[in-house]
Amino acid sequence: MKMVNKFKKVLDEGKVAVGTCVDSYSPAVIEITGYSGLDFCRIDSEYSWRRDESMEHMMRAAALVGITPMVRVEKGNPYLISKAFQVGAGAILVSDIANYEEALAVVKASKFAPRGIRGFSSFSFSGGWGTRGGEDWVNWSDTELLVGIMVENEHIIPHLDQIFAIEGLDYCLFGPADYSMSLGLRSAKKNHPKVQEAIKRTVEAAAKHKKAVGIGIGEPWEEEAKKYMDMGCRFIEIGHELGILSSVWNSAGSRIRALER
């Protein structure tokens, strides 16, 4: 399955990639993200992991509409990274990285030897069920599939320069909510000065090594996006699909009920 990695293509062109997060495990939702013109869809397997055929169906939906599926998994399990790539992910994202050693382990789990420890088998959706195996597929996997980490822990900040210097690490997604919690703020406080300073330091360190930083935004969409694009963020995640649906339905329902008064 040597499809074009739209997310990588946009970043390589120096443009800002736009995507969203999908929590519902619905292939139809994945399809509409592609039909809407988005560049990537993050499938969150950190907080919801269905060990059934759901992920495979979402990967096929992503291939159908040409959007890059980014799969987020927990740290500490290299086999989840391998499975995500085998099933068709165009990018992986590993949560809660705190230091250089953890970041390096993510890259090693993502790459074939001699750069890493990923096991070889092309009998998967990514490998065309054995029809696209061999050196060509290995080289494509090692160069076209993107490797990312979450920056969401205050302990990672002093190590950012060393981490972004790792060959094979392509991007990070800054997580304001968990970063706020790591500071002891007890809730998501994205605009807290310490959180904002961490975002700026992350972008500066990444830019030094030509790596991309992304962040999730909420309404007002344009204002939030411009703020972080001006800061240097290279990709923007537009909310979560269930949160967007809830917001639209709540707003529309409230306005309609108000007509009776």
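The values are calculated or read from the model by the stated rules, or taken from the named source; none is laboratory data. Keep in mind that what you see is a predicted model, and the values were worked out from it rather than measured. Cβ: placed from backbone, ideal geometry, glycine included. Neighbour counts: every protein chain shown.
Numbers at a glance
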| read-out | value |
| --- | --- |
| Condition met for residue 70 (aliphatic (A, V, I, L, M), touching a residue at least 12 places away in the same chain (Cβ under 8 Å) and more than 19 Å from residue 243 (Cα to Cα)) | no |
| Close pairs (6 angstrom Cβ cut-off, 6 or more residues apart or separate chains): under 30 Å from residue 41 (Cβ atoms) in the range 240-261, acidic (Asp, Glu) anywhere | 240/23; 242/23 |
| Qualifying residue in the range 91-113 (condition: in contact with a Cys (Cβ under 6 Å, 6 or more places away or on another chain), under 23 Å from residue 195 (Cα atoms) and not acidic (Asp, Glu)) | no |
| Scope the range 168-183; condition of a type outside the set (A, V, I, L, M, F, W, C) and in contact with a helix residue (DSSP H, G or I) (Cβ under 9 Å, 6 or more places away or on another chain); matching residues | 168, 170, 171, 176, 179, 180, 182 |
| Per-region count, the range 59-77, residues within 26 Å of residue 181 (Cα to Cα) and not acidic (Asp, Glu) | 7 |
| Qualifying residue in the range 159-172 (condition: among the hydroxyl-bearing types (Ser, Thr, Tyr), out of contact with any strand residue (DSSP E or B) (no Cβ under 6 Å at 6 or more places or on another chain) and surrounded by 15 or more Cβ atoms within 10 Å (Cβ to Cβ)) | no |
| Helices (runs of 4 or more DSSP H) wholly inside the range 20-95 containing at least 3 residues that are within 25 Å of residue 225 (Cα to Cα) and of a type outside the set (Ser, Thr, Tyr) | 27-35 |
| Single match in 122, 95 (criterion: surrounded by 16 or more Cβ atoms within 10 Å (Cβ to Cβ), out of contact with any Phe, Trp or Tyr (no Cβ under 6 Å at 6 or more places or on another chain) and at negative phi) | 95 |
| Among residues of the range 204-260, those that are among the β-branched types (Val, Ile, Thr) and more than 17 Å from the chain's Cα centre (by Cα), counted | 3 |
| Contacts under 8 angstrom Cβ, first residue in the range 173-189 being buried (at least 19 other Cβ atoms within 10 Å of the Cβ), partner assigned to a helix (DSSP H, G or I) and of a type in the set (Gly, Ala, Ser), 6 or more apart | 174/198; 179/198 |
| Condition met for residue 95 (of a type in the set (Ser, Thr, Tyr) and under 15 Å from the mean Cα position of the chain (by Cα)) | yes |
| Unmet criterion (only one of (1) surrounded by fewer than 17 Cβ atoms within 10 Å (Cβ to Cβ); (2) closer than 19 Å to residue 148 by Cα; (3) basic (Lys, Arg)) for residue 211 | (1) |
| Given (1) under 18 Å from residue 246 (Cβ atoms); (2) part of a loop (DSSP other than H, G, I, E, B), number of the condition residue 14 does not satisfy | (1) |
| Matching helices (runs of 4 or more DSSP H) fully within the range 100-216 where at least 2 residues are modelled with pLDDT of 95 or more and within 18 Å of residue 74 (Cβ to Cβ) | 100-110, 176-182 |
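Matching residues to (1) surrounded by fewer than 19 Cβ atoms within 10 Å (Cβ to Cβ); (2) under 27 Å from residue 122 (Cα atoms); (3) out of contact with any Pro (no Cβ under 9 Å at 6 or more places or on another chain):
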| position | (1), (2), (3) |
| --- | --- |
| 13 | yes, no, yes |
| 43 | no, yes, no |
| 52 | yes, yes, yes |
| 58 | no, yes, no |
| 75 | no, yes, yes |
